[in-house]
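Taken together, the values in this text are just the output of simple stated rules run on the coordinates, not laboratory data. As the structure is a prediction and not an experimental result, all values here were calculated from the model. Glycine gets a Cβ as well: all are built from the backbone with ideal geometry, and neighbour counts include every protein chain shown.
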Amino acid sequence: MKHLNQVLLHPNNRVGADLDAWLAQAGGKGLQAALQDPSSLVGLIEKAGLRGLGGSGFPVHVKWAAVAAQKASRDKYLICNGNEDEPGTFKDRVLLEETPHQVIEGATIAALATGINRIVFYINPDLENCLETMRRAVAQWKGSDLAKRTAAVLDKPLEYRVVPSSGHYIGGEETAAIESVEGKFPFPRGKPPYPAEYGVHGHPTLINNMETLANVTHIVRNGAEWFRNQGIGEASGTKIFCLSGDVLKPGPYELPMGTPLKDLIYKYGGGVLLGKELKAVFTGGPSNTILTPKDLDVPLDFDSVRERRSSLGTGAMIVISEGTGIVKRVSEYVDFFAHSSCGQCPPCKTGTYYISQLLGKIDTGQGRQADLESLVNLCEILPGSGRCHLLDGAVKVLESSLYHFMDEYKQALKT
Ligand SMILES: Cc1cc2nc3c(=O)[nH]c(=O)nc-3n(C[C@H](O)[C@H](O)[C@H](O)COP(=O)(O)O)c2cc1C
């Protein structure tokens, strides 16, 4: 059986901002190997099957190749995304606080692979310890022998900056992050052009999640096949699942990608609180289709969860037990989305606000049948009318709660 916390969160790697301790645990070996042959790195990441762990599961090599293909004479940026503001997601903060050099090394290798010269660690300002730890770690790294050797291969040093995000949830969306790094309010941009062509100040920009980047050094050090073998079945690598809600042992669990949901909740998480029955799981954060007990067998990897019409997202799994009201939960999450909507797209701002009003009404026993019907209609009208995924996420969780728990909605109506 494969073990918990086997790679990224292995106790040996959790040395905080202590570069010597990181190097003593074979840190730096991935970068040293990468420096031998930077041109092979995109192909290696493709063979390894690394996918973006910030929510989309997008193949990493595709974005890397797009940035690598941009003219070498231009500045290129890497934004290491540590905005992490979605309810139920708390993995990047563990990486940033406990193993920052793992992330810095991964980001450095990503830069080497793509011709990037400016690296930005973009971190939620509410995570004060993460910011502080990362600043110390970056200062150590800049003065290190590894940084000198990298500069020698590139003919000039890489630039590393730690930039607090604005702290808005929306600021984690990739084009909003670009705006934020430029010093503006994080309004998402329309696409195309994609960040690989037109990102920070118009320069080619790669955006990867902190967990995605943390994997890179291990792939280069141990090889693509090793990484594939860390996952179960067709899935590659490990995933840090953020287990929370009505579960005995909540927390971040690093497990093989493809671990069944049942194992995460019962074997590792100790089961549902007070021995209650499982009712639902908000998966990948509260912006996806809800999983129910019949999905307990689903392997937690991007493709398998998608086959159940949901999404692995960030790997957040919020457990709901029998007896917990779904309407209230969904109402709270939609409130969050309504507050988080940046206001740039009217259907998103007014749509999430309207849904939150209707849910509030129903949850407090003031709702009528017509309100329920309005919710159903909004689920048809709204999707696809926002620039980013925020509105679609809010609608998805609502729609799936209506699908699975319509009886509960009906019971909550005013009679
Ligand atoms: C509203 C919204 C918020 C997001 N917040 C984050 C975030 O906090 N961190 C993150 O890595 N990705 C976030 N994303 C996903 C990013 O847009 C982007 O896909 C990701 O950073 C790319 O990294 P990856 O390919 O390594 O996953 C968010 C997306 C949306 C629509």
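Which semi-axis lengths, in whole Å and largest first, follow from the square roots of five times the eigenvalues of the Cα gyration tensor of region 1-57?
22, 19, 11
Taking K and R as +1 and D and E as -1, what net charge do the other residues with C-beta under 11 Å from the C-beta of Ser400 add up to?
Surrounding charge for Ser400 is +2.
For Lys239, which aspartates and glutamates qualify as cross-link partners when the Cα separation must be under 13 Å and same-chain residues fewer than eight apart are set aside?
Within the straight-line cut-off, Lys239 pairs with Asp92, Glu211, Glu254, Asp301.
What is the distance in Å between the Cα centroid of region 46-82 and that of region 215-289?
After rounding, the separation between the Cα centres reads 24 Å.
Count the net charge of all other residues whose Cβ sits under 12 Å from the Cβ of Gly199, scoring Lys and Arg as +1 and Asp and Glu as -1.
Around Gly199, the surrounding residues sum to +1.
Placing +1 on the Cβ of each Lys and Arg and -1 on the Cβ of each Asp and Glu in region 11-229, which of Ile123, Asn208, Ala17 has its Cα farthest towards the positive end of the resulting dipole?
Asn208
If you average 1/r across every pair of different Cα atoms in region 256-300 and take the reciprocal, what Kirkwood value do you get, in Å?
Mean inverse Cα-Cα distance, inverted, gives 11.0 Å.
Let's see if you can work this out: charge +1 on each Lys and Arg Cβ, -1 on each Asp and Glu Cβ, no other charges. What is the dipole magnitude of the chain about its Cα centre, in debye to the nearest 20?
So the magnitude is around 460 debye.
Which residue fluctuates the most in the chain, going by a Gaussian network model with Cα springs under 10 Å, if the choices are His61, His201, His218?
Comparing His61, His201, His218 in the GNM, the peak value goes to His201.
Report the charge-dipole magnitude of region 93-164 in Debye, nearest 20, computed about the Cα centre from +1 at each Lys and Arg Cβ and -1 at each Asp and Glu Cβ.
300
Shape call for region 189-258 from the C-alpha gyration tensor, a ≥ b ≥ c root eigenvalues: rounded (a/c under 1.5), prolate (a/b greater than b/c) or oblate?
Oblate, since a/c reaches 1.5 and b/c is not below a/b.
Arrange Ser180, Ser244, Ser331 by Cβ neighbour counts within 10 Å, fewest through most, would you?
In increasing order of surrounding Cβ atoms, one gets Ser244, Ser331, Ser180.
For region 95-180, what are the per-bin percents of Cα-Cα distances with bins 5 Å wide, up to the bin holding the maximum?
Percent of Cα pairs in each bin: 3, 14, 24, 23, 19, 12, 5, 1.
Quick one, can you get me the convex hull of the C-alpha atoms of region 326-412 expressed as volume per residue in Å³?
73
Does the chain come out rounded, prolate or oblate by the C-alpha gyration tensor, with a ≥ b ≥ c the root eigenvalues, rounded set by a/c under 1.5 and, if not, prolate when a/b is larger than b/c and oblate if not?
prolate
What is the projected area of the convex hull of the Cα atoms of region 232-320, averaged over all directions, in nm²?
For region 232-320, averaging the hull's shadow over all directions gives 4.7 nm².
Taking every pair of distinct Cα atoms and averaging 1/r, then inverting, what Kirkwood hydrodynamic radius in Å comes out for region 1-140?
One decimal place: 16.0 Å for the Kirkwood radius.
May I ask for the percentage of alpha-carbon pairs in region 11-229 that lie more than 33 Å from each other?
7
Between Gly275, Gly52, Gly172, find the one with the highest GNM mean-square fluctuation for the chain; connect C-alpha pairs within less than 10 Å.
Highest fluctuation among the options: Gly275.
Over the alpha-carbon set of region 264-415, work out the extent along each principal axis and list the three values in angstrom, largest first.
43, 39, 23
Note down the nm distance, to one decimal, between modelled labels 7 Å out along Cα→Cβ at Lys249 and at Thr324.
1.9
How high is the relative contact order of the chain, in percent, counting Cα pairs under 8 Å that sit 6 or more residues apart?
16
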